[in-house]
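The next block holds one structure in the form of structure tokens; read it before the comments.
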Amino acid sequence: MQPSAHSGLAVAATPAQLAVVDAALARLRDLPGALLPIFHAIQDELGFVPTDSLPRIAEALNLSRAEVHGVLTFYHDFRTSPPAPTVVKLCRAEACQAVGCRSLEAHLHQAHGAAMGSTTHCGALTLEPVYCLGNCALGPSALVDGKLVARLTTQRLDAIVAAAKQKAAAPGGRS
Ligand code: FES
């Protein structure tokens, strides 16, 4: 994993979400290096790691709150707020930079309001960075809801945003 660039606003956890955190702690706290597996388990279930769960994680692992917060915010893979229904992870590594990934990032920001680590104005799509997807020869590359997309263009990005809006508007599109 690479250092964090995520900048979403933290939201308060619900009792149900804190129950997910407690279950992850009960299951994984005795593993060596348990903190990262616990963060992954929570994010797999909730889509993010609630920051107000950090005190109980720190207490369970006998770590300081600052240590736990530092690890959470160091890795870009961890979110502290729920993502939009569609998540685009745009590759920022060297080979994709050479074929224009930065201009795609700028397009998403200018045309749709999603700076890296944030969500489009419409609330349908969250943009996150990733550093090499092993698809360098076919860049710019991205993962769209976990599916690899090659030779990305601004036109294809616009189509992905349009599909994300449809998905968000569909029944059950937003959690
Ligand atoms: S540099 Fe983007 S997929 Fe490798």
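Apply the Karplus parameterisation 6.51 cos²θ - 1.76 cosθ + 1.60, with θ equal to phi minus 60°, to every residue of region 126-141 and state each ³J(HN,Hα) to the nearest whole Hz, in sequence, with x for glycine and proline.
Residue by residue, region 126-141 yields 9, 9, 10, x, 9, 10, 6, 10, x, 10, 4, 6, 10, x, x, 10 Hz.
Among DSSP bridges having both ends in the chain, what percentage is antiparallel? Round to the nearest 5.
Here the antiparallel bridges make up roughly 55 percent for the chain.
Using R₀ = 35 Å, calculate the FRET efficiency as 1/(1 + (r/R₀)^6) where r is the Cβ-Cβ separation of A19 and A170; round to 0.05.
That gives a FRET efficiency of 0.80.
Where in the chain are the helices, taken as whole DSSP H runs, whose Cα atoms extend 15 angstrom or more along the long axis and whose Kyte-Doolittle mean reaches at least -1.0?
Those that pass (Cα extent of 15 Å or more, hydropathy at least -1.0) are 15-28, 35-46, 101-112, 154-169.
Every number here is computed from the coordinates shown, using simple stated rules; none is lab data. Here the structure is a predicted model, which is why all the values come from computation and not from measurement. Every residue, glycine as well, gets a Cβ built from its backbone with ideal geometry; the counts of neighbours run over all protein chains shown.
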